[in-house]
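Student: One structure coming up, written as structure tokens, with questions to follow.
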Amino acid sequence: MIRRRKEDERVHVAAELVGNTLVIRLQGELDMHTVEEFKHEAERYLMDKRVKNLVLVLSKTSLIDSSGVGAILGRYRTIKERGGTMIAVGLRPVVKRILKLSGVLNVVETAESERRALARL
Amino acid sequence: MQAVPQDKSRAGRIPENEVQLLFTSKPENVGFARTAVALVASQRDLTVDQLDEIKVAVSEAVSNAVIHGYRDTSGMIQVDVKLYEDELEVVVTDKGTGIEDIEWAMQPTNTTDKSRMGLGLSVIKEFMDDLTITSRPGAGTRVYMAKKLAPASRP
């Protein structure tokens, strides 16, 4: 059976390994439905135990709700266990507010650009 | 559900626009609901941030209905959107399990679903100007939320 790409896919997750840092570029909206795609992709790369840090590029992420926050904190726990650092990049105002409200920004660093984030690691 | 809604629902006032959505409690429909509500809201001159706030609040209320209202079962979720001159009103209703203790549910870290950290209602409180929940165990839950809008400028 040929699996067609779902038309209602509201999120696009691109991941890339830069040294021991995983860079995830998230495009679209992160909610209880689309979060599954994000978790799946992140876990696929995090299986590689060499991955220590995570840079989450959110400049094209238009929405994160509390399900999205839960998924981000879940990945943070993995990075913390490995003694790594997690940096979120390019937060829109409302995305920033929800990450602040939920305490994510107490543990996850922020950077203006992907380049600056990588330079810090 | 309580007979008299405790919220500031505008009985007698006629909204500028009114939309009613009815859909199955599927995670896929959370995006549909917030996009539809934002489309109604965007008939007014709102900032991107205001629209984002409305979308997130709707996302939380509908996710609550899917996750808590119907849990492992499935049912219908109704969203009533009313656009008034100075306010957007959104009511999300489910016929699910209901909430035993609303005050407990309103406390930030209290939750029966750890994957969302009990954040849902705190997020709605942060992004909307009014939030009232009425619920009866076994009958369902009604979440009323409203956001103040600057009156439309008339040339």
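Student: Quick one: in segment A:76-104, of everything that is within 20 Å of A:A42 (Cα to Cα), part of a helix (DSSP H, G or I) and in contact (Cβ under 8 Å) with a residue 12 or more places away in the chain, which residue is nearest to the other protein chains (Cβ to nearest Cβ)?
Tutor: Looking only at segment A:76-104, we keep the residues that are within 20 Å of A:A42 (Cα to Cα), and these are A:76-91, A:95, A:99, A:104.
Filter once more, so that each one left must be part of a helix (DSSP H, G or I): A:76-81, A:95, A:99, A:104.
If we keep only those that are in contact (Cβ under 8 Å) with a residue 12 or more places away in the chain too, we end up with A:76, A:78-80, A:95, A:99, A:104.
Working: A:Y76: 12, A:T78: 15, A:I79: 18, A:K80: 16, A:V95: 8, A:L99: 11, A:V104: 10 Å.
Among them, the one singled out is A:V95.
Student: In segment A:33-75, how many residues are over 22 Å from A:L121 (Cβ atoms) and away from every other protein chain (no Cβ under 12 Å)? Step through it out loud before you land on a result.
Tutor: Initial filter on segment A:33-75 (over 22 Å from A:L121 (Cβ atoms)): A:33-37, A:39-40, A:62-70.
Now drop any that are not away from every other protein chain (no Cβ under 12 Å), which leaves A:40.
Adding up the residues that qualify gives 1.
Student: From (1) of a type in the set (D, E, K, R); (2) buried (at least 24 other Cβ atoms within 10 Å of the Cβ); (3) farther than 21 Å from A:R92 by Cβ, pick out the condition that doesn't hold for B:D86.
Tutor: Unmet condition: (2).
Student: From the list A:G90, A:G103, A:G83, pick out the single residue that is on the phi > 0 side of the Ramachandran plot, surrounded by fewer than 23 Cβ atoms within 10 Å (Cβ to Cβ) and at pLDDT below 95. Let's see the steps before the verdict.
Tutor: On the way: A:G90 fails: at pLDDT below 95; A:G83 fails: at pLDDT below 95.
It is A:G103.
Student: Within segment B:104-139, track down each residue that is part of a helix (DSSP H, G or I) and either within 9 Å of chain A (Cβ to nearest Cβ) or touching a residue at least 40 places away in the same chain (Cβ under 8 Å) (or both).
Tutor: Answer for segment B:104-139, where residues must be part of a helix (DSSP H, G or I) and either within 9 Å of chain A (Cβ to nearest Cβ) or touching a residue at least 40 places away in the same chain (Cβ under 8 Å) (or both): B:K114, B:S115, B:R116, B:G120, B:L121, B:S122, B:V123, B:I124, B:E126, B:F127.
Student: Follow-up question, since we're still on this one. Considering (1) out of contact with any Leu (no Cβ under 9 Å at 6 or more places or on another chain); (2) among the acidic types (D, E); (3) under 20 Å from B:G120 (Cβ atoms), say which one A:E43 fails and leave the rest.
Tutor: Here A:E43 meets the rest and fails (3).
Student: Still on this structure: Please work out which residue is surrounded by the most Cβ atoms within 10 Å (Cβ to Cβ), limiting yourself to segment B:109-126 and to residues that are at pLDDT below 90 and of a type in the set (K, R).
Tutor: Per the stated criteria, the residue is B:R116.
Student: Looking at A:I24, A:I72 in this structure, which one is part of a helix (DSSP H, G or I) and touching a residue at least 12 places away in the same chain (Cβ under 8 Å)?
Tutor: Details: A:I24 fails: part of a helix (DSSP H, G or I).
Within the list A:I24, A:I72, the selection yields A:I72.
Student: Could you list, in sequence order, all residues of segment B:72-103 that are touching an Asp or Glu at 6+ places or on another chain (Cβ under 9 Å) and not in a strand (DSSP E or B)? Step through it out loud before you land on a result.
Tutor: Going residue by residue through segment B:72-103, those that are touching an Asp or Glu at 6+ places or on another chain (Cβ under 9 Å) are B:75-78, B:80-85, B:87, B:89-93.
Answer for segment B:72-103, where residues must be touching an Asp or Glu at 6+ places or on another chain (Cβ under 9 Å) and not in a strand (DSSP E or B): B:G75, B:Y84, B:E85.
Student: Hey, another quick one. Give segment B:127-155 a look and list any residue that's at pLDDT below 80 and farther than 22 Å from B:E53 by Cα, or say none. Let's see the steps before the verdict.
Tutor: Step one: filter segment B:127-155 for residues at pLDDT below 80, giving B:151-155.
If the condition is that a residue be at pLDDT below 80 and farther than 22 Å from B:E53 by Cα, then B:R154, B:P155 are the ones that fit.
Student: Only residues that are surrounded by 23 or more Cβ atoms within 10 Å (Cβ to Cβ) and over 15 Å from A:L121 (Cα atoms): list them for segment A:12-32, please.
Tutor: First pass over segment A:12-32, keeping only residues surrounded by 23 or more Cβ atoms within 10 Å (Cβ to Cβ): A:22, A:26, A:29-32.
A:L26, A:E29, A:L30, A:D31, A:M32, listed by residue number.
Student: Follow-up question, since we're still on this one. Applying the selection to segment B:33-56, what residues are under 18 Å from B:T93 (Cβ atoms) and within 9 Å of another protein chain (Cβ to nearest Cβ)?
Tutor: If the condition is that a residue be under 18 Å from B:T93 (Cβ atoms) and within 9 Å of another protein chain (Cβ to nearest Cβ), then B:R34 is the only one that fits.
Student: Quick one: A:H40 ticks every box in (1) surrounded by fewer than 15 Cβ atoms within 10 Å (Cβ to Cβ); (2) in a strand (DSSP E or B); (3) not charged (D, E, K, R) bar one, so which box is it?
Tutor: Every condition holds for A:H40 apart from (2).
The values are calculated or read from the model by the stated rules, or taken from the named source; none is laboratory data. Please read these numbers as outputs of a predicted model, since none were measured by experiment. Cβ: placed from backbone, ideal geometry, glycine included. Neighbour counts: every protein chain shown.
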